[in-house]
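Take a look at the structure set out below.
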Amino acid sequence: MSLLNTNLSKEFYEVAYNVYDIHFQHDKVLETEYDDYRKKRMFEDILYNLSFLEVSYTIEDNKLFEEYSVWLYELMMNLMPDISPKRIKEQMLDHYKILDNELKKMLLPEKYKQINNYIQRAINATLNYQKTDKTRVIDQGKYGNIKKTYLDYLIKNNARKAIDYILEIEKIGIPLEDIYVEILQEVMIEIGNLWHENKITVDQEHYMTSITQMVLSQFYDKVFSTKRNNHTLVACSVGSELHEMGARMISDLFEYNGWDSIYLGAAIPNKTLLERIKKDKPDLVILSVTMPQHLTQCLDIVNMLKNLENPPKIAVGGRAFLTSDNVWKKWPVDISVENAKKLLDWASTEFSYV
């Protein structure tokens with residue numbers, strides 16, 4: 001698991017070292033099961049797990065860490081096929097108990113009580129886990145064969161055919177909104193699932209993402225040629241992560257539907273974003289969050305925007321919100337939807353330009 005920035009507080013960060021050492025004291029078999037590479041990744045994952053716990057506490061969300069624990073258990077089984085699922089479950093349950101004990105020593109009772117609730121949910125989810133056959137997004141909807149063909153080109157490293165194929169389906173009349181949301185977005189979701197299942201490597205995932213970004217760029221003449229509706233948006237991905245295609249797709253489709261879009265990419269400092277919004281005075285600000293560790297930063301941005309003299313409408317979205325317990329409903333935001341088409345429908349009514 002890649003760990004770029006956990007945003008951990010000092011008290012949570014310090015716990016990580018104790019948790020790591022205690023694991024090997026409790027479980028002597030780990031020394032033989034884990035080589036140096038796995039030991040390094042194990043420590044990084046401890047930091048990662050603590051970051052999920054802390055953000056769950058900060059935003060007061062009961063679902064986030066529980067959902068993450070299931071995702072993590074599946075990931076570990078996929079990454080370590082030489083270790084049995086039963087053994088991995090034992091390691092994870094031991095991990096949660098060690099986390100709980102160490103955090104109990106560190107935290108004030110009121111804070112620990114809530115953290116303990118999240119850990120117990122993770123323990124129960126891991127204990128009760130049963131593998132099920134999931135309906136794959138690539139099989140759903142009316143464009144199943146198109147999605148599979150495009151993904152097949154990507155898997156075979158055939159960038160030219162992948163790009164040409166999407167251009168061909170646009171020429172036969174498939175709406176651009178459908179190409180973005182019901183084809184490319186869903187293929188990207190499938191690519192993430194394939195990485196999670198250890199069926200593709202991270203370099204393959206990055207390659208496929210870059211080719212899909214190239215596909216999007218092929219439509220820019222069309223995207224930027226439509227009649228304006230006198231509305232402006234600012235969009236960005238929140239946090240220091242590389243997952244910014246969702247916000248880019250939304251910006252493109254709003255631009256195509258007459259908006260003036262100001263897309264700022266990822267890793268933009270809060271202060272810089274706020275100054276840009278003060279300067280451009282957009283009607284709508286769109287904040288995308290993929291990794292849940294950045295939800296706290298997103299909330300900070302939302303609160304800063306709401307304190308402006310004339311605050312814009314605010315939309316939030318991304319995978320992080322889908323794995324939470326509708327946390328956005330507690331925030332002073334106007335809408336959260338799962339894709340650009342639904343957000344466009346809301347905006348057309350909210351801003352009365354249809």
Failed item in (1) touching a Phe, Trp or Tyr at 6+ places or on another chain (Cβ under 9 Å); (2) in contact (Cβ under 8 Å) with a residue 60 or more places away in the chain, with I174 passing the rest: (2)
Leading residue by the ranking (nearest to the chain's Cα centre (by Cα)) among those in region 288-305 that are farther than 16 Å from S336 by Cβ and not polar (S, T, N, Q): M291
Tally, over region 156-166, of residues that are crowded, with 18+ Cβ neighbours inside 10 Å and hydroxyl-bearing (S, T, Y): 0
Subset of region 71-110 [within 16 Å of S51 (Cβ to Cβ), surrounded by fewer than 17 Cβ atoms within 10 Å (Cβ to Cβ) and out of contact with any Asp or Glu (no Cβ under 9 Å at 6 or more places or on another chain)]: W71
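Can you tell me which of I138, I115, I169, I123 is surrounded by 15 or more Cβ atoms within 10 Å (Cβ to Cβ) and closer than 19 Å to Q218 by Cβ?
Only one candidate passes the filter, namely I169.
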Test: residue in region 207-221 that is within 18 Å of the chain's Cα centre (by Cα), modelled with pLDDT of 95 or more and not hydroxyl-bearing (S, T, Y): yes
Only one of Y129, Y207, Y153 that is surrounded by 15 or more Cβ atoms within 10 Å (Cβ to Cβ), without any contact (Cβ under 8 Å) to a residue 40 or more places away in the chain and over 24 Å from G258 (Cα atoms): Y153
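Yes/no per residue for (1) without any contact (Cβ under 8 Å) to a residue 60 or more places away in the chain; (2) farther than 16 Å from V234 by Cβ; (3) of a type in the set (A, V, I, L, M, F, W, C):
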site	(1), (2), (3)
I301	no, no, yes
K306	yes, no, no
N310	yes, no, no
K330	no, yes, no
E338	yes, yes, no
K342	yes, yes, no
W346	yes, yes, yes
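Conditions tested, residue by residue: (1) assigned to a strand (DSSP E or B); (2) closer than 26 Å to S69 by Cα.
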position: L253; (1), (2): no, no
position: G258; (1), (2): no, no
position: L273; (1), (2): no, no
position: V285; (1), (2): yes, no
position: N310; (1), (2): no, no
position: I314; (1), (2): yes, no
position: D325; (1), (2): no, yes
position: L344; (1), (2): no, no
Helices (runs of 4 or more DSSP H) (entirely within region 65-157) containing at least 2 residues that are of a type outside the set (V, I, T), under 25 Å from E44 (Cβ atoms) and under 21 Å from the mean Cα position of the chain (by Cα): 109-127
Residue count, region 285-302 (criterion: touching a Pro at 6+ places or on another chain (Cβ under 7 Å) and surrounded by fewer than 23 Cβ atoms within 10 Å (Cβ to Cβ)): 1
Residue selected from region 24-57 under the condition β-branched (V, I, T) and closer than 17 Å to L93 by Cα, by the criterion nearest to the chain's Cα centre (by Cα): I46
Qualifying position, being basic (K, R) and touching a helix residue (DSSP H, G or I) at 6+ places or on another chain (Cβ under 7 Å), among R136, R160: R136
Selection status of E60, within 25 Å of the chain's Cα centre (by Cα) and outside the structural domain of T290 (by TED's automatic domain parsing): yes
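Would region 183-194 turn up any residue that is more than 16 Å from the chain's Cα centre (by Cα) and either hydroxyl-bearing (S, T, Y) or in a helix (DSSP H, G or I) (or both)?
For region 183-194, residues more than 16 Å from the chain's Cα centre (by Cα) and either hydroxyl-bearing (S, T, Y) or in a helix (DSSP H, G or I) (or both): present.
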Unique match (being closer than 30 Å to M245 by Cα and assigned by TED's automatic domain parsing to the domain that holds F52) among L99, L79, L167, L107: L79
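The values are calculated or read from the model by the stated rules, or taken from the named source; none is laboratory data. Just so you know, these numbers come straight off a predicted model, no measurement behind them. Here Cβ is always computed from backbone atoms with ideal geometry, including for glycine, and neighbour counts include all displayed protein chains.
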